[in-house]
Structure formats: C-alpha cells, structure tokens
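Accompanying notes for the structure given below.
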Amino acid sequence: MQSLIYYFVQLIIRLHSKFLSINDGRGFFLTDKQLHFLIIGIFGFGMMFLMQPIVEWLAKKGATLIVTFAYVFTVIIVVSFAVEIGQAYSGTGTMDFYDVASGILGFFVFFAIYLIIYIIYKSIKNAVANKTSENSKEDE
C-alpha cells in the first residue's frame, strides 16, 4: 500500500512539474491557484463524462446527475489534497488550502456550465417530445 501511495505521489509530482514547465515555457505565467482552477476543474469535468454513463447504466432512471456529481466531487477533493501533499513532499510548491479551494471552485464552475447546458438540452428534448405526442394525438 505504501508503495502505491508513493507511486501516486511521484506521478502527481511529475505531472505538476510538467504543467509548471508548460505554463512558464509557453509564457502563460499563470499562478499556482489559476493552474489548480483550470487543471482540477477540467479533470473533474472530464470525470463527469466518464462517470455519467456508468451511473446511468446502474440507475437507469432517477437522479443520476446528482450521484455522478457526488462521486466526482469526492474524488476531486481527494485529488486536490493529494496534489498539495505531493507539492509539500517534493518541495515543488507550498501546501496551501486555497490551492485546494481554487481547484474545487474550478470544478464547480465547469459543472455549473455543464448543468446549464444539460438543463437546456433536456428542456428542448422534452418540448420536442411533447409537441410530437400532441401532433400524433391530433392525427387520430
């Protein structure tokens, strides 16, 4: 178990260093908090697409988006803290609670955008379905 944790810490350290070098090398010069916002937010948003079909398959009906959000939010918290612990362990950054908060906020922002699009999509889909069923009743 200890070697598995060490492996993941080393992986996070390598990824963190890679993102920092890309950031600085391309002239973006984003702050650590801005990088956490983007990377953790996008990571969490990507997990939404991965988890949604699985939860739908398991639940078939019901509040699958809520279940997916709860699962991904939990993973985001764990990953955010793991990144901070990795930074403290490796000396590549300071362990800062506000970095964790920035990463979680990034996920919330990307989720909110997705939720708005999802609600619009479902509303349009339901409106089209209702219109189609009304037309078929008139034809009878």
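The values are calculated or read from the model by the stated rules, or taken from the named source; none is laboratory data. Worth saying up front: this structure is predicted, and the values here are computed from it rather than measured. With ideal geometry, Cβ positions are generated from the backbone for all residues, glycine too; neighbour counts draw on all protein chains shown.
State yes or no: is residue 76 of a type in the set (A, V, I, L, M, F, W, C), closer than 22 Å to residue 33 by Cα and within 21 Å of the chain's Cα centre (by Cα)? The answer is yes for residue 76. Summed over the range 73-94, residues that are free of Cβ contacts under 8 Å to residues at least 24 places away in the same chain and either part of a helix (DSSP H, G or I) or in contact with a His (Cβ under 8 Å, 6 or more places away or on another chain) (or both) total 5. The listed residues are 121, 114, and the only one of them that is farther than 17 Å from residue 35 by Cα, surrounded by fewer than 20 Cβ atoms within 10 Å (Cβ to Cβ) and either β-branched (Val, Ile, Thr) or more than 15 Å from the chain's Cα centre (by Cα) (or both) turns out to be 121. Checking each residue in the range 66-85 for being more than 16 Å from residue 109 (Cβ to Cβ), surrounded by 18 or more Cβ atoms within 10 Å (Cβ to Cβ) and among the hydrophobic types (A, V, I, L, M, F, W, C) picks out 79, 83.
A Cβ distance below 9 Å, combined with a sequence gap of six or more or placement on separate chains, defines the contacts here; from the range 115-131, residues that are at negative phi reach residues that are part of a helix (DSSP H, G or I) and aliphatic (A, V, I, L, M) in the pairs 115/65; 118/65.
If the condition is being out of contact with any Ser or Thr (no Cβ under 8 Å at 6 or more places or on another chain), in contact (Cβ under 8 Å) with a residue 12 or more places away in the chain and either assigned to a loop (DSSP other than H, G, I, E, B) or surrounded by 15 or more Cβ atoms within 10 Å (Cβ to Cβ) (or both), then the range 95-107 contributes 96, 102, 105, 106, 107.
The residues in the range 88-134 that are over 23 Å from residue 74 (Cβ atoms) and of a type in the set (Phe, Trp, Tyr) can be counted, and the count is 1.
Can we say residue 29 is part of a helix (DSSP H, G or I) and either among the aromatic types (Phe, Trp, Tyr) or on the phi > 0 side of the Ramachandran plot (or both)?
No; evaluated as a whole, the condition is false for this residue.
Say whether the condition of being among the β-branched types (Val, Ile, Thr), farther than 30 Å from residue 7 by Cβ, modelled with pLDDT under 85 and outside any loop (DSSP other than H, G, I, E, B) is met by at least one residue in the range 65-72. Scanning the range 65-72, I find at least one residue that is among the β-branched types (Val, Ile, Thr), farther than 30 Å from residue 7 by Cβ, modelled with pLDDT under 85 and outside any loop (DSSP other than H, G, I, E, B), so the answer is yes. Take the conditions (1) surrounded by fewer than 17 Cβ atoms within 10 Å (Cβ to Cβ); (2) modelled with pLDDT of 85 or more; residue 62 misses just one of them, which is (2).
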